Ligand code: PLP
């Protein structure tokens with residue numbers, strides 16, 4: 001009984017793999033081993049079909065047309081908003097704003113809420129392990145306004161020093177903008193604690209969910225974050241579409257991000273009135289096809305079940321950590337207690353890029369470099385790492401291939 005329940009709850013990775021056509025291809029004469037999922041995940045056939053179906057069957061602009069194709073396109077486009085609302089448990093669909101991705105979501109908040117609310121002397125807190133897209137927009141804002149960017153330090157496992165964070169908080173803190181799961185190290189940050197502490201001093205919190213949304217259950221109401229951003233392409237969906245969630249009163253009070261069609265109610269040369277949420281922030285013809293296909297990705301993940309996927313990825317991470325840990329000279333960077341399925345490492349004095357090239361010759365795709373997290377790399381005093389990141393379709397055999405490839409690469413380079 002227990003055994004069959006366990007089997008039922010286990011992800012059937014081989015049947016999952018069949019749904020990702022790209023996994024059948026070869027690279028340099030070898031079967032593709034795709035371990036660069038933190039950069040972008042591969043797309044299942046249902047997502048590819050959703051894109052093709054839109055262009056084949058009902059390509060039309062959304063919202064303004066009264067003809068059948070326009071109505072079909074609009075309905076499909078808006079159905080994604082409902083699916084996202086459920087996926088992150090937002091209070092209402094109006095709080096789900098379409099963006100180009102995580103980067104644009106953060107920039108939207110910095111250019112609208114930030115320019116309206118940040119003034120000289122205010123403070124914005126980020127952490128040492130942020131992606132550049134959660135550093136640079138705030139730096140630009142701070143420079144423009146005479147505000148100060150403050151940084152939460154980390155320990156050598158890659159975990160935030162929470163006592164130091166609490167010391168940074170003060171009445172001048174207006175925003176804490178923090179990554180939920182680090183793309184460079186895999187660290188999962190204690191976002192609920194961060195949010196509660198920030199709220200006590202009256203600061204808002206933006207959560208960068210670029211890496212967490214694919215791995216963890218996201219409940220923005222329970223988290224009580226003020227803003228949450230993520231990208232579809234790391235979640236088995238297409239590139240070019242992402243989501244900004246915000247609390248309604250904040251979104252209502254924010255000025256528009258870009259001006260143009262769709263974001264207006266009425267335009268005269270004397271005065272323009274802006275559209276209601278979410279359209280106030282969605283100027284111009286949106287990315288219709290990719291938005292529609294994002295729903296296919298969410299449905300796909302929901303159907304398999306996030307819990308099942310997470311258990312599978314945790315198994316892969318644990319297995320990879322043990323296997324890689326046995327390679328002489330290999331040092332894992334980022335050993336946080338709570339991690340998503342990302343494993344970063346360096347090997348003695350070998351350059352990560354050389355390792356990456358040799359792995360690619362064996363069909364193994366990993367990421368090498370600073371992972372758009374230079375301050376994090378600087379903390380560890382390294383130029384970059386080799387990073388393997390796992391998705392629902394990866395297998396232990398692929399990790400064996402990685403280990404095998406690494407051993408050969410090290411032999412060649414040493
Ligand atoms: N934040 C994190 C943690 C990321 O990993 C990434 C992308 O790698 C981003 C932000 C930026 O995402 P995008 O390039 O999709 O806007």
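All of the numbers you see were taken from the coordinates with simple rules; none came from a lab. All of these numbers come straight from a predicted model, not from anything done at the bench. Note: ideal-geometry Cβ built from the backbone for every residue, glycine included; neighbour counts use all protein chains shown.
Summary of computed values
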{"item": "For segment 49-302, alpha-carbon Rg over 2.2 N^0.38 Å", "result": "1.03"}
{"item": "For a label point 7 Å along the Cα-to-beta-carbon line of residue 18, residues of segment 228-249 with backbone N under 14 Å", "result": "none"}
{"item": "Footprinting exposure proxy for 392, 75 (fewest neighbouring C-beta atoms within 10 Å first)", "result": "75, 392"}
{"item": "Computed label-point distance, nm, for sites residue 89 and residue 56 using a 7 Å Cα→Cβ extension", "result": "3.8"}
{"item": "Enclosed volume per residue, in Å³, of the convex hull spanned by Cα atoms of segment 21-120", "result": "179"}
{"item": "Mean Cβ neighbour count within 10 Å, used as a protection proxy, ranking 330-337, 262-269, 374-381 highest first", "result": "330-337, 374-381, 262-269"}
{"item": "Stokes-Einstein diffusion coefficient of segment 192-312, Kirkwood radius over Cα pairs, 37 °C, 0.692 mPa s, in µm²/s", "result": "199"}
{"item": "Estimated FRET transfer efficiency when R0 is 41 angstrom, pair residue 414-residue 314 (beta carbons, to 0.05)", "result": "0.80"}
{"item": "Separation of the residue 140 and residue 269 label points, Cα + 7 Å toward Cβ, nm", "result": "3.2"}
{"item": "Potential extension, residue 26-residue 71 segment - 0.36 nm per residue separation minus Cα distance", "result": "12.1 nm"}
